[in-house]
């Protein structure tokens with residue numbers, strides 16, 4: 001189904017060791033990556049301190065040989081937020097840093113000639129949210145999932161064409177969905193994919209292995225479909241995965257292994273959990289294609305470079321780009337992996 005293909009056609013991200021969970025998107029011919037976090041000095045397995053970044057880097061895809069450029073900084077360091085793209089603008093929403101969860105929203109535009117970025121502050125989210133996901137339909141931004149102040153399954157919308165505040169929509173049903181993926185069909189449906197709920201004193205943590213669908217016109221949620229099992233016949237959760245909507249397809253990849261992560265969050269991991277080799281964690285390296293018209297899956301297996309959690313999947317001129325992410329808990333990558341869609345046979 002797939003020609004073995006991996007290309008580092010873009011120089012590595014300039015922050016040493018790479019980052020996880022940055023803001024990232026495309027404006028015209030520029031790939032922009034902002035913030036993120038890593039363990040730059042002492043590894044997480046040895047009790048190292050997580051560091052959050054504020055730098056905004058960009059690379060011109062028509063002049064890749066010139067490499068990444070520092071084009072600005074976020075007002076505060078941040079990671080684990082949502083990036084939404086509308087027209088020639090990106091929107092960086094929520095996240096966290098050393099001070100805690102954030103409710104900030106920034107409209108990001110690019111001054112190509114000056115090679116600088118403009119940040120405009122927009123109305124704050126009504127509550128602080130981290131590990132959330134976001135998408136757009138038309139000129140409206142939608143966000144949900146993650147860890148919230150209220151501990152509810154909040155869903156919010158805001159119009160970028162008016163000065164309106166955030167509007168709270170019908171909460172999604174069931175368990176919380178931290179580090180889930182939110183995508184849209186460009187018309188009237190949102191797709192909330194995977195995620196997990198942390199354990200509590202009374203209940204074990206729960207991993208979601210399905211896709212929920214929200215119909216904007218009907219204002220209703222439903223369970224759309226179960227995620228396909230992996231090659232070992234085990235469930236998927238796509239926690240920490242990433243995805244894009246492409247034509248009538250949802251393209252999904254990355255994230256943690258269901259069984260291993262489920263044991264970890266519920267206190268059943270081995271004592272040396274953080275010290276295992278990369279291969280032990282079995283992060284997802286498949287690319288999943290979900291056809292929205294006939295509700296069928298196509299799976300491209302064993303794609304080198306996709307086994308990342310907290311990486312960001314982008315599309316530019318019919319190629320997929322996996323931006324950074326972690327290869328195992330606490331270990332980041334600075335790679336930018338390129339996969340031309342022409343190499344993947346549907």
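Only the coordinates and a few stated rules stand behind these numbers; no lab work does. Keep in mind it's a predicted model, so treat the numbers as computed, not measured. Using ideal geometry, Cβ is built from the backbone for each residue, glycine included, and neighbour counts are taken over all protein chains shown.
Observations on the structure shown:
- For segment 160-217, averaging the sequence separation of C-alpha pairs within contact (under 8 Å, six or more residues apart) and dividing by the residue count gives a relative contact order of 28 percent.
- For 217, 96, order by how many other beta-carbon atoms lie within 10 Å, fewest first: 217, 96
- One compactness figure for segment 39-136 is 1.20, namely its Cα radius of gyration divided by 2.2 N^0.38 Å.
- Size of segment 250-346 from its Cα atoms: along the principal axes, largest to smallest, the extents are 43, 31, 17 Å.
- Using the Cβ-Cβ distance between residue 203 and residue 12 with R0 = 45 Å, the FRET efficiency computed as 1/(1 + (r/R0)^6) comes to roughly 0.60.
- With neighbours defined as other Cβ atoms within 10 Å of a residue's Cβ, the residues 302, 140 order from fewest to most as 302, 140.
- As a proxy for reagent exposure, 84, 256 were ordered by neighbouring Cβ count within 10 angstrom, fewest first; the result is 84, 256.
- Annotation for segment 108-164 versus segment 44-61: alpha-carbon center distance of 21 Å.
- Fluctuation leader among 28, 304, 151 - the chain, Gaussian network, Cα springs under 10 angstrom: 151
- For the chain, relative contact order (Cα pairs under 8 Å, six or more residues apart, normalised by length) works out to 16 percent.
- Between segment 187-226 and segment 258-324, the Cα center-to-center distance that results, in Å: 18 Å
- The slack in the chain from residue 341 to residue 188, taken as 0.36 nm per residue of separation less the alpha-carbon distance, amounts to 52.5 nm.
- Residue 152 versus residue 99: modelled label distance in nm, points set 7 Å from Cα along the beta carbon direction: 2.6 nm
- Efficiency of FRET between residue 247 and residue 170 - r from beta-carbon atoms, R0 25 angstrom, step 0.05: 0.35
- Cα gyration tensor of the chain - equivalent ellipsoid semi-axes, whole Å, descending: 26, 24, 22
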